[in-house]
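The values are calculated or read from the model by the stated rules, or taken from the named source; none is laboratory data. As the structure is a prediction and not an experimental result, all values here were calculated from the model. Here the Cβ positions follow ideal geometry from the backbone for every residue, glycine too, while neighbour counts run over all protein chains shown. Calculation scope for accessible area: heavy atoms of the full protein, side chains included, ligands and nucleic acids excluded. Shrake-Rupley method; radii C 1.70, N 1.55, O 1.52, S 1.80 Å.
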Amino acid sequence: SFESHPPSHFALHTISQDVYGGGLSQVLSGNMLLRVLSPEMQQILSSPIFTFHVPNEFRGDDESPKSVTQSILMSNLPHGQKLWRFRADIICGDDDGKHCPKGMREVKHLQKLLRNPSLSIR
């Protein structure tokens, strides 16, 4: 989520973590998610206004950035390809968006959509 170029493979979205570190995951289609987003929402999610906290285990040394500002949806790729980057637990750090209000309404909407079972791949 915090890399300048997110990987081009899918990820799992954790619905509910269990006490032993496991959880319930859901697989969904990024293309299906795009179909339910308005063009305005896609434009905001494509803007580099979202701050991602870089977890300590992914920082190489003390000089590595503690956060990066990127877009959630990368849409300026060849062949119209779009890539998602999203981890609710690291966007805007742990302060629930208090220090990065830009785009937080869209993040909340995206989180609601991610919980929609009709977008899940079955």
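Per-structure values
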| item | result |
| --- | --- |
| Condition check for residue 64: modelled with pLDDT of 80 or more, in a loop (DSSP other than H, G, I, E, B) and open to solvent by less than 90 Å² (accessible area, probe 1.4 Å) | yes |
| Cross-chain or 6+ apart pairs with Cβ under 7 Å, the range 38-52 first and more than 13 Å from residue 105 (Cβ to Cβ) and part of a loop (DSSP other than H, G, I, E, B), then aliphatic (A, V, I, L, M) and open to solvent by less than 40 Å² (accessible area, probe 1.4 Å) | 46/73 |
| Close pairs from the range 67-93: first without any contact (Cβ under 8 Å) to a residue 40 or more places away in the chain and outside any loop (DSSP other than H, G, I, E, B), partner of a type in the set (A, V, I, L, M, F, W, C) and exposed (fewer than 15 other Cβ atoms within 10 Å of the Cβ), Cβ under 9 Å, at least 6 apart | none |
